[in-house]
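Undergrad: Mind looking over this structure? Questions follow.
The values are calculated or read from the model by the stated rules, or taken from the named source; none is laboratory data. Because the structure is a prediction, the values reported are computed rather than measured. Counting neighbours? That spans all protein chains shown, and the Cβs are built from the backbone with ideal geometry, glycine included. Keep in mind that these areas ignore ligands, DNA and RNA; they rest on the heavy atoms of the full protein, side chains included. Shrake-Rupley method; radii C 1.70, N 1.55, O 1.52, S 1.80 Å.
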Amino acid sequence: MTPTPRPTRTIPDAFVHETTEREGAAGAAWLAELPGIVAELLDRWSCVPDGEVTHGAVGLIVPVRRRGAGAGVEGEGEGEAAVLKVSFPHPGNVHEPDAFAVWGGRGAVRLYERDDERFAMLLERASSVTLADSWAGAAHGNRTANGNGSGNGDGSGTANDTGTGSRVSDALATVAGRLSRRLAVPAPPGLPRLADQAATWEAELRRDDAELAHSLPRRTVDAALATVHELARTQPDLMLHGDFHARNILRAEREPWLAVDPKGCAGDPAYDGGSLLKARVPALLEAPDLGRAVHRLLDVYAEAAELDRERVRRWSQLHAVQAAFWGRRHGFRLTRARSAHADAGTDPLVRAAEHLAQLLTD
């Protein structure tokens with residue numbers, strides 16, 4: 001049966017541009033089908049659009065209302081709030097719904113429906129305010145970390161009386177650490193194991209070290225290789241987010257903060273601490289003493305997550321080395337967006353990743 005036509009908001013131009021630039025003809029073909037996919041899923045899952053369409057790096061986000069008992073026929077503005085997420089088909093997105101299913105709403109948004117063939121999900125709606133937004137607001141002297149004047153001890157209210165960046169960073173690390181601890185539940189069979197990537201990581205590190213011009217000392221690269229040998233090859237079977245950073249943690253009502261956009265994999269929870277720290281580097285560069293700020297964040301995060309601090313440091317160091325090499329080889333998207341003539345040798349993000357890697361080398 002042909003889905004009932006429904007008005008859908010325009011796909012954001014930025015999403016169209018980013019998808020076609022990254023995916024080429026395959027991305028353009030998918031974008032052409034996307035309005036029909038959205039209309040079909042809205043009908044199947046009894047939803048109506050309810051707000052401005054947004055997007056992430058690879059997925060379109062359509063705020064919706066789920067029609068149910070007591071909801072009107074017209075639907076808009078009535079029923080339970082949710083979001084329809086449709087992602088570009090990619091191997092990295094395959095296990096996202098699996099992760100949500102395992103967590104069942106524990107520290108992450110709830111999964112209501114899934115269509116794996118379409119790479120689509122119907123998810124619990126959270127706020128658009130990220131943990132990173134909250135940190136930025138307070139760090140620049142706003143009254144509270146999330147701008148609403150509240151304070152409830154979970155890192156969302158007033159960070160401190162003076163708005164100093166160090167205390168706000170502590171609040172961010174505490175929220176993220178506590179959330180990471182809740183997500184680290186036993187992983188079921190069938191999910192990717194990070195341990196299976198160890199051989200690939202080692203090969204890439206050795207190749208990049210040999211082929212790229214970089215400023216990393218020998219001991220820094222050797223420390224990353226040691227982490228692969230000593231930590232990466234044998235890991236626990238615990239759920240990981242896989243892309244854990246402050247912009248993938250959203251303010252919510254059911255819980256103060258909920259995780260979104262997981263990769264869905266199993267391994268050492270300390271790995272996610274490395275993802276968090278790597279993503280914080282641009283903000284931490286504003287600190288008077290970068291080394292002190294980095295190690296303070298590690299201390300607070302590891303304590304809140306109930307993880308061994310040394311394991312978090314070592315995973316973070318590996319993340320930083322990998323990021324530095326990635327930036328040297330491919331460039332960072334943020335830098336490319338600012339300048340079409342960006343040079344990896346002078347890219348401030350590449351230099352920051354290299355500096356971070358050295359700071360984290362024991």
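Undergrad: Does Leu356 satisfy the criteria of being of a type in the set (A, V, I, L, M), assigned to a helix (DSSP H, G or I) and at pLDDT 55 or above?
TA: yes
Undergrad: Which of the residues belonging to the range 186-210 are surrounded by 14 or more Cβ atoms within 10 Å (Cβ to Cβ) and touching a helix residue (DSSP H, G or I) at 6+ places or on another chain (Cβ under 9 Å)?
TA: Ala187, Leu191, Leu194, Ala195, Gln197, Ala198, Trp201, Glu202, Glu204, Leu205, Asp208, Asp209
Undergrad: Could you check the range 83-109 and list, in sequence order, the residues that are assigned to a loop (DSSP other than H, G, I, E, B) and in contact (Cβ under 8 Å) with a residue 60 or more places away in the chain?
TA: Phe88, Val94, His95, Gly105, Arg106, Gly107, Val109
Residue-wise test of (1) more than 30 Å from Ala266 (Cα to Cα); (2) at pLDDT below 95; (3) of a type in the set (Ser, Thr, Tyr); (4) out of contact with any Pro (no Cβ under 7 Å at 6 or more places or on another chain).
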{"position": "Gly75", "(1), (2), (3), (4)": "yes, yes, no, yes"}
{"position": "Pro89", "(1), (2), (3), (4)": "no, no, no, yes"}
{"position": "Pro97", "(1), (2), (3), (4)": "no, no, no, yes"}
{"position": "Leu111", "(1), (2), (3), (4)": "no, no, no, no"}
{"position": "Asp133", "(1), (2), (3), (4)": "no, yes, no, yes"}
{"position": "Ala139", "(1), (2), (3), (4)": "yes, yes, no, yes"}
{"position": "Asn146", "(1), (2), (3), (4)": "yes, yes, no, yes"}
{"position": "Gly149", "(1), (2), (3), (4)": "yes, yes, no, yes"}
{"position": "Gly155", "(1), (2), (3), (4)": "no, yes, no, yes"}
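Undergrad: Among the listed residues Glu124, Glu96, identify the single one that is touching a Gly at 6+ places or on another chain (Cβ under 6 Å) and surrounded by 20 or more Cβ atoms within 10 Å (Cβ to Cβ).
TA: Just one listed residue meets the conditions, Glu96.
Undergrad: Shifting gears a bit: With the requirement that a residue be open to solvent by 50 Å² or more (accessible area, probe 1.4 Å), under 24 Å from Val94 (Cβ atoms) and not basic (Lys, Arg), what does the range 239-271 give you?
TA: Hits for the range 239-271 are Asp243, Asp261.
Undergrad: State all residues of the range 211-238 that are farther than 19 Å from Pro269 by Cβ, among the aliphatic types (A, V, I, L, M) and open to solvent by 10 Å² or more (accessible area, probe 1.4 Å); if no residue qualifies, say none.
TA: Those that are farther than 19 Å from Pro269 by Cβ, among the aliphatic types (A, V, I, L, M) and open to solvent by 10 Å² or more (accessible area, probe 1.4 Å): Leu212, Ala213, Leu216, Ala223, Leu225, Ala226.
Undergrad: Select, from Leu34, Leu111, the only residue that is under 22 Å from the mean Cα position of the chain (by Cα) and within 28 Å of Leu191 (Cβ to Cβ).
TA: Leu111
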